[in-house]
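A.B. asks: The structure's right below; bear with me while I get my questions together.
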Amino acid sequence: MSRAATLHEFTRDALAAGAAPEAIAAALHDAGWSEGEIGDALESWAVRPGLPPVPRRSRTALTAGLALVEGLHLVALGMVAGHLIALAFTLIAIWLPQVSPAPHWLAAQLRWPIAALVVFLPLWLWSARKARPAPGQRRPALSVWIGHLAVFCAMLAILGDALAVIYRFLAGDATAVFLLKALVVAVVAGLVILAMEERRRD
Amino acid sequence: MTDRAAIGRAGLALLALVLLALALWTGGGPAAGQREARDATRIRDLQALADLVICLADEDGALPEMLRLEPACAPAPRLADPHTGADYGYDRLSADSFRLCAGFERPDTVATWSRPARRFDPESGCLTVRHPDA
């Protein structure tokens, strides 16, 4: 029997014996179980008078349809974040050109990110809504993993951003344009982390 | 937590919408793309006409007085703007140089690739060419 199964069985037996959830939590805490594990175990059972502990469907089942939506959500988020940064970089290059006037072909570079955002921004918003669990239910583990993966990538972007800023500063080349671009990366990555917050905590 | 996630989603969506509006305003919509495509056709035609003039000069021994099609100088390029019907302009500037002009809509955005002895002037919308062997 796995550790998780042992924990769930103990919790069920304790609840069936009439122990208070607080007392069970304290005992598990003293035995070294984490807050998340304890909460997970207690939320797995509903106590009804006259009935043994009733198993809850604590997490939404991961169906093929939900996996499809989650996959689309992750891809759409990547496309939105990446093309948002590309679009902002091109606009900065046009408005604050390093050599004036800005090369004419820069305007043509706006079209691909525009097209990508028009397609993937609605898809991202739709998939976020579609993947939301029913009230009282939690997301499947895949959703939580996807949330962590997105945050991992966003944090790498922020770390790389900070590294580049410090390097350019030390090289005496931290221009206003560069700092503006670095700010764009940090803002987009920060918004991605915020947007995935509920998945990570679920 | 849900509120923070909603703020993140709304922030990203709002930022995207603002940048989309700015990008469309800066780069222009489909009409700008169509103008660029028409100008790209015109500059390609001028380059092809320059090849024709050089070929005619090689045939005649001097730059031609006016544009004409010659079977020996195939493929035959267009002599007029396909979008307006106006003839492309041709002027002999000297014994070894000439210019070809068209009515560009956005000459500042015309993409010209680097070719020796050919220079595009966005102000006049003309391609000035020097015959390399004259």
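The values are calculated or read from the model by the stated rules, or taken from the named source; none is laboratory data. Because the structure is a prediction, the values reported are computed rather than measured. Here Cβ is always computed from backbone atoms with ideal geometry, including for glycine, and neighbour counts include all displayed protein chains.
A.B. asks: Do you know which residues across the stretch A:128-166 are modelled with pLDDT of 95 or more and more than 13 Å from the chain's Cα centre (by Cα)?
C.D. replies: If the condition is that a residue be modelled with pLDDT of 95 or more and more than 13 Å from the chain's Cα centre (by Cα), then A:156, A:157, A:158, A:159, A:160, A:161, A:162, A:163, A:164, A:165, A:166 are the ones that fit.
A.B. asks: Would you mind finding the one in A:107, A:116, A:88 that is farther than 19 Å from residue B:13 by Cα and more than 18 Å from the chain's Cα centre (by Cα)?
C.D. replies: A:107
A.B. asks: Also, quick follow-up: Count, please, the residues in the stretch A:29-38 that happen to be surrounded by 15 or more Cβ atoms within 10 Å (Cβ to Cβ) and over 14 Å from residue A:9 (Cβ atoms).
C.D. replies: So the count comes out to 1.
A.B. asks: Just checking, does the stretch B:40-47 include any residue being part of a helix (DSSP H, G or I), exposed (fewer than 15 other Cβ atoms within 10 Å of the Cβ) and at the interface with another protein chain (Cβ under 8 Å from one of its Cβ atoms)?
C.D. replies: no
A.B. asks: Given the residues A:6, A:11, which is the only one that is assigned to a helix (DSSP H, G or I), in contact with a helix residue (DSSP H, G or I) (Cβ under 8 Å, 6 or more places away or on another chain) and of a type in the set (Ser, Thr, Tyr)?
C.D. replies: A:11
A.B. asks: Only one of A:119, A:165 is more than 10 Å from chain B (Cβ to nearest Cβ), touching a helix residue (DSSP H, G or I) at 6+ places or on another chain (Cβ under 7 Å), among the β-branched types (Val, Ile, Thr) and surrounded by fewer than 21 Cβ atoms within 10 Å (Cβ to Cβ). Can you tell me which?
C.D. replies: Step by step, each of A:119, A:165 is checked, and only A:165 is more than 10 Å from chain B (Cβ to nearest Cβ), touching a helix residue (DSSP H, G or I) at 6+ places or on another chain (Cβ under 7 Å), among the β-branched types (Val, Ile, Thr) and surrounded by fewer than 21 Cβ atoms within 10 Å (Cβ to Cβ).
A.B. asks: Condition test on residue A:185, is it more than 9 Å from every other protein chain (Cβ to nearest Cβ), at pLDDT below 95, surrounded by 14 or more Cβ atoms within 10 Å (Cβ to Cβ) and part of a helix (DSSP H, G or I)?
C.D. replies: Values: more than 9 Å from every other protein chain (Cβ to nearest Cβ): yes; at pLDDT below 95: no; surrounded by 14 or more Cβ atoms within 10 Å (Cβ to Cβ): yes; part of a helix (DSSP H, G or I): yes.
Considered against the rule, which asks whether it is more than 9 Å from every other protein chain (Cβ to nearest Cβ), at pLDDT below 95, surrounded by 14 or more Cβ atoms within 10 Å (Cβ to Cβ) and part of a helix (DSSP H, G or I), residue A:185 comes out as no.
A.B. asks: Read through the list (1) of a type in the set (A, V, I, L, M); (2) surrounded by fewer than 17 Cβ atoms within 10 Å (Cβ to Cβ); (3) away from chain A (no Cβ under 14 Å), then give the number of the only condition that residue B:50 fails.
C.D. replies: Only one criterion is unmet by residue B:50, namely (2).
A.B. asks: State which residue is farthest from residue B:22 (Cα to Cα) when the search covers only the stretch A:85-107 and only residues that are among the β-branched types (Val, Ile, Thr) and either part of a loop (DSSP other than H, G, I, E, B) or more than 7 Å from chain B (Cβ to nearest Cβ) (or both).
C.D. replies: Our first condition is that a residue be among the β-branched types (Val, Ile, Thr); within the stretch A:85-107, this holds for A:85, A:90, A:92, A:94, A:99.
Now narrow it down to the ones that are either part of a loop (DSSP other than H, G, I, E, B) or more than 7 Å from chain B (Cβ to nearest Cβ) (or both): A:85, A:90, A:92, A:99.
Details: A:85: 14, A:90: 11, A:92: 11, A:99: 21 Å.
For the stretch A:85-107, the residue satisfying everything is A:99.
A.B. asks: Within the stretch B:59-94, count every residue that is hydroxyl-bearing (Ser, Thr, Tyr) and surrounded by fewer than 12 Cβ atoms within 10 Å (Cβ to Cβ).
C.D. replies: Within the stretch B:59-94, the subset hydroxyl-bearing (Ser, Thr, Tyr) is B:84, B:88, B:90, B:94.
Narrowing the set further to residues that are surrounded by fewer than 12 Cβ atoms within 10 Å (Cβ to Cβ) leaves B:94.
So the count comes out to 1.
A.B. asks: Going through the stretch B:95-110 one residue at a time, which ones are surrounded by 15 or more Cβ atoms within 10 Å (Cβ to Cβ) and either free of Cβ contacts under 8 Å to residues at least 40 places away in the same chain or part of a strand (DSSP E or B) (or both)?
C.D. replies: B:96, B:97, B:98, B:99, B:100, B:101
A.B. asks: When only residues in the stretch B:33-70 that are under 13 Å from the mean Cα position of the chain (by Cα) and basic (Lys, Arg) count, which is farthest from residue B:95 (Cα to Cα)?
C.D. replies: Filtering the stretch B:33-70 for residues that are under 13 Å from the mean Cα position of the chain (by Cα) and basic (Lys, Arg), the one farthest from residue B:95 (Cα to Cα) comes out as B:35.
A.B. asks: Something else: Pairs under 7 Å by beta carbon, first residue within 7 Å of chain A (Cβ to nearest Cβ) in the stretch B:7-33, partner in a helix (DSSP H, G or I) and of a type outside the set (A, V, I, L, M, F, W, C), six or more apart or different chains?
C.D. replies: These pairs meet every condition: B:8/A:197; B:27/A:111.
A.B. asks: Would you mind telling me which numbered condition in (1) surrounded by 14 or more Cβ atoms within 10 Å (Cβ to Cβ); (2) farther than 20 Å from residue A:200 by Cβ; (3) touching a residue at least 24 places away in the same chain (Cβ under 8 Å) residue A:150 fails?
C.D. replies: All conditions are met except number (2).
A.B. asks: How do the pairs read when you match residues in the stretch A:66-85 that are at positive phi with residues anywhere that are surrounded by fewer than 17 Cβ atoms within 10 Å (Cβ to Cβ) and not hydrophobic (A, V, I, L, M, F, W, C), using Cβ under 9 Å and keeping only pairs 6 or more apart or on different chains?
C.D. replies: none
A.B. asks: Please verify whether residue B:57 is small (Gly, Ala, Ser), in a helix (DSSP H, G or I) and more than 7 Å from chain A (Cβ to nearest Cβ), treating the condition exactly as stated.
C.D. replies: Criteria met by residue B:57.
A.B. asks: Still on this structure, I have one more. Closer than 30 Å to residue A:191 by Cβ, modelled with pLDDT of 90 or more and surrounded by 15 or more Cβ atoms within 10 Å (Cβ to Cβ): does that describe residue B:56?
C.D. replies: no
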